[in-house]
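Below: one structure, written as C-alpha cells.
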Amino acid sequence: MVDNLIFGTHLKFFNMEIVLYIVGGIVVLFLLFAYTSPRIARMNRSVQIKATPEQVFPYLKSLKTFVDEWSPWTEKDPNAVHEYNDIAEGVGAFYSWKGEPKKVGEGEMKIVECEDNKRVKTHLAFKGRGDAFASWTVQESGDGVKVTWDFEADNGMNPMGRIFGRFMDKFLGPDYENGLNKLKKVMEG
C-alpha cells in the first residue's frame, strides 16, 4: 500500500513534469516564430487602367469618393457609419468608420501626403489593432496608368502582430484586388 502511494505520487509528478515541458516548448516555439517574423508587414496590389493620371487622381485624393465609389469594404458592410471632416480632398482629408466588428470594425483614415496626379499617402488607425500606412501611386503605363495600392504596418515587438503580418498578403490582398478592380470598372465604364 505504501509502495502504491509513493509510486502513484511519482507518476503524477512525472506526468505533470512532461506537461510542463510540452507547454514550455510550445511557448518557446511560438516566441521563436513570432520574433523571427518581420517587424514590418508590407503588401501591395496593382491594376492597369485605360485612363490618364488626371482622370484617375480625383478618385484617389477624395476619401468620400473612395468610400462611395470603389472601397472594397463598403460592400462588405453597407450599414457601416462613415463620418468626414470639412476637408474634401488632399492633405488633411479625414474619415472614420464604425461597422460590424467581424466585417470592417472601427477606425480612422487621414490623408497625410498628396502629390497631384502621382501619389496619395494615408495614415490608418484601427481601433484596438494599431496603426498603418496605405498609399495609392499612379504611373503612366502603356495606353493608360498603373495604379498601385500599398500597405505597411510596423508591428514592433508585438508577437501576435508579427505573426499576423506574415499572412497580410492572404488576408488583405483579395480586398485590395477587389477595390482596384472596382476602380478600373468605374474609370473604364
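Just so you know, all these numbers are worked out from the coordinates, no wet-lab data involved. For clarity, every value in this text was computed on a predicted model and none was experimentally measured. Neighbour counts are summed over all protein chains in view; Cβ atoms, including those assigned to glycine, are modelled from backbone coordinates with ideal geometry.
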Length gained when the stretch GLU113-ASP143 is fully extended (0.36 nm per residue, less Cα-Cα span):
8.1 nm
Return the percentage of antiparallel bridges among DSSP beta bridges fully within the range 69-189, rounded to the nearest 5 %.
100
Anything over 22 Å Cα to Cα? Flag those among LYS64/LYS184; LYS64/LYS185; LYS61/LYS102; LYS98/LYS146; LYS61/LYS103; LYS50/LYS170, in the order listed.
LYS61/LYS102; LYS98/LYS146; LYS61/LYS103; LYS50/LYS170
How high is the relative contact order of the chain, in percent, with contacts defined as C-alpha pairs under 8 Å that are six or more residues apart?
29
Across the alpha-carbon set of the chain, Rg over Rh with Rh taken as the Kirkwood radius works out to 1.25
Karplus ³J(HN,Hα) for the range 60-77 (6.51 cos²θ - 1.76 cosθ + 1.60, θ = phi - 60°; Hz, whole; x = Gly/Pro) runs 9, 8, 10, 5, 5, 5, 4, 5, 6, 9, 8, 5, x, 8, 5, 6, 5, 9
Could you tell me the center-to-center distance, by alpha carbons, between the range 33-101 and the range 125-139 in angstrom?
8
What nm distance separates the two modelled labels at LYS50 and ILE18, each placed 7 Å from Cα along Cα→Cβ?
6.9
Per-residue [θ]222 nm for the chain (sum of -39500 (n - 2.57) over DSSP H runs n ≥ 4, rounded to 500)
-12500 deg cm²/dmol
Can you list the residues, at least 5 places off or on another chain, whose amide H is less than 5 Å from the amide H of LYS127, using H built in the peptide plane?
GLU106, GLY107, GLU108
Scattering profile of the range 72-134 at q = 0.12, 0.19, 0.26, 0.30 Å⁻¹ [log10 I(q)/I(0), Debye over alpha-carbon scatterers]
-0.31, -0.75, -1.13, -1.23
Relative to the first principal axis of the alpha-carbon coordinates of the chain, what is the inclination of helix 168-188, with its axis defined by its Cα atoms, in degrees from 0 to 90 and to the nearest 10?
10
Order of VAL147, VAL19 under a 10 Å beta carbon neighbour criterion, fewest first
VAL19, VAL147
